[in-house]
Amino acid sequence: MPAVTTPHVYVHRAGDRLKTKISWLDSKHSFSFGQHYDPDNTHHGLLLVNNDDTVLPGQGFDTHPHKDMEIVTWVLRGSLVHQDSIGHSGIIYPGLAQRMSAGKGIMHSEKNDSWRLDGEQHHEPVHFVQMWVVPDEAGLTPGYEQLEIEDEILKGGLVPVASGMPEYKDNSAIRINNKHAALHVARLFPGASVTLPEAPFLHVFVARGTAEMEGVGTLYEGDAVRLSASGGQQVTSHSGAEVLVWEMHARLGG
């Protein structure tokens with residue numbers, strides 16, 4: 001990949017996101033998705049999808065296919081039931097890291113109906129962020145992984161949540177099939193700060209709360225910052241926030 005030598009910072013505000021809103025789903029897309037297509041907004045680095053979804057109880061995405069994609073889901077509130085064609089079924093909740101590798105092909109569903117598994121009905125929407133990155137190679141065997149990492153998140157700091165990078169082999173929660181990408185999560189308590197990693201491409205998404213980013217200013221819930229040839233900035237929250245950071249050392253197309 002040619003070196004990225006010119007630092008660039010672009011702030012993508014929450015209100016500028018593409019939106020899908022139907023009776024059971026409120027989805028906000030950071031990049032082109034589904035029927036929403038903008039040729040100038042298809043990806044950043046290796047990240048193709050950053051969907052901020054809220055799904056009502058008893059509703060969700062029926063069984064549908066995916067292929068050649070690493071799909072990471074991070075739940076902020078509520079619980080989401082995952083079922084797939086290779087035999088995995090489970091409830092994803094805040095603090096649980098989950099990854100599905102679509103590989104050569106997989107079918108899955110995602111629904112806000114966890115009471116059907118545990119027997120106790122609830123009426124809470126589920127709010128989650130789903131992110132897609134391309135794998136290193138096509139046609140891999142489909143796979144699934146999840147791991148409880150709430151204790152690590154509560155320690156503070158920028159925690160590797162999903163990674164294929166060798167640098168995080170010993171401390172990332174779940175593995176993805178891309179050696180150039182890693183997702184970090186920081187749950188910032190009031191007054192706390194983290195320092196962004198340095199990378200050719202960074203995507204910083206404020207999933208909850210409000211934060212201040214050095215050299216950028218105030219970021220509100222749903223805001224994102226796309227950085228090229230940058231890093232090292234501090235992100236601070238005075239009132240509390242949850243921030244998702246993709247560190248990427250390659251981009252689509254080489």
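Side notes on the structure shown:
- Qualifying residue in the range 27-48 (condition: under 20 Å from ARG251 (Cα atoms), touching an Asp or Glu at 6+ places or on another chain (Cβ under 9 Å) and either at pLDDT below 95 or in a strand (DSSP E or B) (or both)): yes
- Of all residues making up the range 64-85, the number that are hydroxyl-bearing (Ser, Thr, Tyr) and surrounded by 16 or more Cβ atoms within 10 Å (Cβ to Cβ): 2
- Residue identified as modelled with pLDDT of 95 or more, closer than 26 Å to ALA229 by Cβ and among the basic types (Lys, Arg) among LYS179, LYS169: LYS179
- Residue that is nearest to the chain's Cα centre (by Cα) [pool: residues in the range 25-63 that are of a type in the set (Phe, Trp, Tyr), under 17 Å from PHE128 (Cα atoms) and open to solvent by 50 Å² or more (accessible area, probe 1.4 Å)]: PHE33
- In the range 200-213, the residue that is farthest from VAL49 (Cα to Cα) out of those that are surrounded by fewer than 24 Cβ atoms within 10 Å (Cβ to Cβ) and among the aliphatic types (A, V, I, L, M) is MET213.
- Screening the candidates ILE71, ILE22 for the property of being of a type in the set (Val, Ile, Thr) and closer than 14 Å to MET131 by Cβ yields one hit, ILE71.
Matching residues to (1) over 24 Å from HIS66 (Cβ atoms); (2) not small (Gly, Ala, Ser):
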{"site": "GLU152", "(1), (2)": "yes, yes"}
{"site": "GLY156", "(1), (2)": "yes, no"}
{"site": "GLU167", "(1), (2)": "yes, yes"}
{"site": "ASN178", "(1), (2)": "no, yes"}
{"site": "PRO200", "(1), (2)": "yes, yes"}
{"site": "VAL206", "(1), (2)": "yes, yes"}
{"site": "GLU212", "(1), (2)": "yes, yes"}
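- Pairs with Cβ under 6 Å, 6+ apart, first in the range 112-123 and polar (S, T, N, Q), second assigned to a helix (DSSP H, G or I) and at pLDDT 65 or above: GLN121/TRP115
- Scope the range 214-240; condition under 19 Å from the mean Cα position of the chain (by Cα) and either open to solvent by less than 10 Å² (accessible area, probe 1.4 Å) or of a type in the set (Val, Ile, Thr) (or both); matching residues: LEU219, GLY222, ASP223, ALA224, VAL225, LEU227, VAL235
- Among the conditions (1) more than 18 Å from VAL133 (Cα to Cα); (2) open to solvent by 60 Å² or more (accessible area, probe 1.4 Å); (3) at pLDDT 90 or above, SER89 misses just one, which is (3).
- Given (1) under 22 Å from GLN130 (Cβ atoms); (2) part of a strand (DSSP E or B); (3) open to solvent by 50 Å² or more (accessible area, probe 1.4 Å), number of the condition ARG251 does not satisfy: (2)
- Residues located in the range 143-169, provided they are closer than 14 Å to PRO94 by Cβ and touching a helix residue (DSSP H, G or I) at 6+ places or on another chain (Cβ under 9 Å): VAL159, VAL161
- Wholly enclosed strands (runs of 3 or more DSSP E) of the range 104-182 bearing at least 3 residues open to solvent by 10 Å² or more (accessible area, probe 1.4 Å) and under 19 Å from TRP246 (Cα atoms): 143-148
- Only listed residue being among the charged types (D, E, K, R) and surrounded by 17 or more Cβ atoms within 10 Å (Cβ to Cβ), chosen from ARG17, ARG13: ARG17
- Subset tally (residues that are over 21 Å from HIS203 (Cβ atoms), among the hydrophobic types (A, V, I, L, M, F, W, C) and in contact with a Leu (Cβ under 6 Å, 6 or more places away or on another chain)) for the range 118-159: 1
- VAL194 of a type in the set (Val, Ile, Thr), in contact with a Ser or Thr (Cβ under 9 Å, 6 or more places away or on another chain) and more than 15 Å from ARG251 (Cα to Cα): yes
The values are calculated or read from the model by the stated rules, or taken from the named source; none is laboratory data. Keep in mind that this is a model prediction, so the values were computed, not measured. Using ideal geometry, Cβ is built from the backbone for each residue, glycine included, and neighbour counts are taken over all protein chains shown. These area figures cover heavy atoms from the full protein model, side chains too; ligands, DNA and RNA do not enter into them. Shrake-Rupley method; radii C 1.70, N 1.55, O 1.52, S 1.80 Å.
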